[in-house]
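Shown next, in structure tokens, is the structure this report addresses.
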Amino acid sequence: VFNIGKLVDFQWKLGVASASNHSSQLNTPFITVFIKVLDSNSKVTAHSFELTISEFKNFAQQFKDMSQLIESL
Amino acid sequence: MEQPKYFSSLLGFLLKKEYEKDPACDSIETLKELVFSEQEDVTLEIIEATYNKCFDIIQKAAYSDMQLSSFENLVKESNFSEIQIECLNKFWKVNKKKIHEILYKITKFNNSLQKMSWRIDLKTKSKEIKEINEPVSIIELKLKNNNTNSNTTNDENNIIRFEMDKNQLEETLQQINNIQKHLQTI
């Protein structure tokens, strides 16, 4: 319905940042999320973003909250 | 420079200037004004020399994410007084993790998720269908890229809105649970 897109693809990758020019010992896991959204003009746009583990935990919790709420309706 | 209070303040300033990029802490002159204004015998040259010596050590330690014991050894070899050694060790113990996180964040070249908002709507009717009663979740993701010049924030590109019905939400949640399973194996 009007102006809100629809999620058509959800992909993810779990990686570990090993080193960079600032540090030889990063050893930090991260998650890259790639999504595709179909808008009301039938145009598909792709977006990606990177989450740290704590950001991902928050992201995951939001989805769990939504799911619990939607189940109760 | 021998007093723990002043030396620790110098280290705190270093953290703000070099790592947190606090705009208020922009130069050694500012450091002198903020911390050493009443100490006439501490010249700008002395402050700068001490600051650079400390920064050198901290950079080395941050580069290899040194454990506290390695850091203590490094400091011992670098000709600091007992009090300064104690301050430096305390600084590293408290700030090592924070500095490590900052170093990781600088290399986040992709977008990051600035904010996520959502709501759940219940579709009741539409023009074509008299009764729907379908719950749908509407999600808004605000993305941010720290590495592009974001003074002219092109908000159009950075805000994503979409809706998901119950099934899609279930599928996405399954993917998320999958990610969490993998995370536990790291």
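The values are calculated or read from the model by the stated rules, or taken from the named source; none is laboratory data. The structure displayed is predicted, hence computed values, not measured ones. Cβ coordinates were reconstructed from backbone atoms using ideal geometry, including for glycine residues, and neighbour counts include every protein chain displayed. With ligands, DNA and RNA removed, areas are computed over all heavy atoms of the protein, side chains included. Shrake-Rupley method; radii C 1.70, N 1.55, O 1.52, S 1.80 Å.
Computed values, structure above
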| quantity | calculated |
| --- | --- |
| Buried on assembly, the stretch B:98-112 (at least 10 Å² less accessible surface than by itself, 1.4 Å probe) | B:His100, B:Leu103, B:Tyr104, B:Lys105, B:Ile106, B:Thr107, B:Lys108, B:Asn110, B:Asn111 |
| Degrees between helix B:82-106 axis and first principal axis of chain B (Cα, 0 to 90, nearest 10) | 30 |
| Whole-percent carbon and sulfur share, accessible surface of the stretch B:4-107, 1.4 Å | 50 |
| Stokes-Einstein D in µm²/s, Kirkwood radius over Cα pairs - the stretch B:4-107 at 37 °C with 0.692 mPa s viscosity | 233 |
| Theoretical ellipticity at 222 nm over chain B - DSSP helices of four or more residues, -39500 (n - 2.57) apiece, nearest 500 | -16500 deg cm²/dmol |
| Carbon + sulfur, % of accessible area of the stretch B:112-185 - ligands and nucleic acids excluded, 1.4 Å | 40 |
| Efficiency of FRET from Cβ geometry, B:Glu20 and A:His47, R₀ 22 Å, rounded to 0.05 | 0.15 |
| Average other protein chain Cβ within 10 Å of Cβ, residues B:36-49 | 0 |
| Only Lys, Arg (+1) and Asp, Glu (-1) charged, at Cβ; the protein assembly as shown dipole about Cα centre in debye | 1040 |
| Those GluC sites (Glu not before Pro) in the stretch B:41-142 that DSSP places in a loop and that have at most 14 other beta carbons within 10 Å | B:Glu77, B:Glu128, B:Glu131 |
| Peptide-level mean, for A:55-64, of C-beta atoms on other protein chains within 10 Å | 4 |
| Selected from B:Tyr19, B:Ile58, B:Asn79, residue furthest toward positive end of dipole (the stretch B:1-133; charges at beta carbon) | B:Tyr19 |
| Assigned charges on the beta-carbon of Lys, Arg, Asp, Glu; the stretch A:6-72 dipole about Cα centre (debye) | 120 |
| Cα point-scatterer Debye curve for chain B, base-10 log of I(q)/I(0) at q = 0.12, 0.13, 0.15 Å⁻¹ | -0.79, -0.85, -0.98 |
| Convex hull volume per residue for the stretch B:56-107, taking Cα atoms only, in Å³ | 65 |
| Protein accessible surface hidden between A and B, which excludes ligands and nucleic acids, total in Å², probe 1.4 Å | 4500 |
| Carbon and sulfur %, accessible surface of chain A computed with the full protein complex present, 1.4 Å | 50 |
| Electrostatic dipole magnitude of chain B [Cβ: Lys, Arg +1; Asp, Glu -1; Cα centre; debye, to 20] | 920 |
| Members of A:Lys57/B:Lys108; A:Lys36/B:Lys127; A:Lys36/B:Lys98 lying beyond 26 Å, as alpha-carbon distances in this model show | A:Lys36/B:Lys127; A:Lys36/B:Lys98 |
| Furthest towards positive pole of dipole, B:Leu103, A:Gln68, A:Phe56, structure part the protein assembly as shown, Cβ charges | A:Gln68 |
| Other protein chain Cβ atoms within 10 Å, averaged over every residue that makes up B:5-11 | 0 |
| Using alpha-carbon coordinates, inclination of helix A:53-71 to the longest axis of chain A, degrees | 20 |
| Whole-angstrom gap from the stretch B:79-105 to the stretch A:36-73, using each part's C-alpha centre | 38 |
| Anchor B:Lys123: lysines whose Cα lies under 20 Å away (excluding residues fewer than 8 positions away in-chain) | A:Lys6, B:Lys166 |
| Long-range lysine pairs (8 or more apart or interchain), the stretch B:1-79, Cα under 19 Å | 15 |
| With Cα atoms, 0 to 90° folded angle of helix B:44-63 axis to chain B main axis | 50 |
| Probe 1.4 Å, protein heavy atoms only - accessible area per residue of the stretch B:54-150 in square angstrom | 62 |
| Extension gain from B:Ser117 to B:Lys98, taking 0.36 nm per residue of separation minus the Cα-Cα distance | 4.1 nm |
| Relative packing of peptides A:46-53, B:174-181 - highest average C-beta neighbours within 10 Å first | A:46-53, B:174-181 |
| Computed label-point distance, nm, for sites B:Glu29 and B:Asn147 using a 7 Å Cα→Cβ extension | 3.4 |
| Whole-number D in µm²/s for the stretch A:6-72 (Stokes-Einstein; Kirkwood sum over Cα pairs; 4 °C, 1.567 mPa s) | 92 |
| Computed [θ] at 222 nm, helices only, for chain A once each DSSP H run of length n ≥ 4 contributes -39500 (n - 2.57) | -9000 deg cm²/dmol |
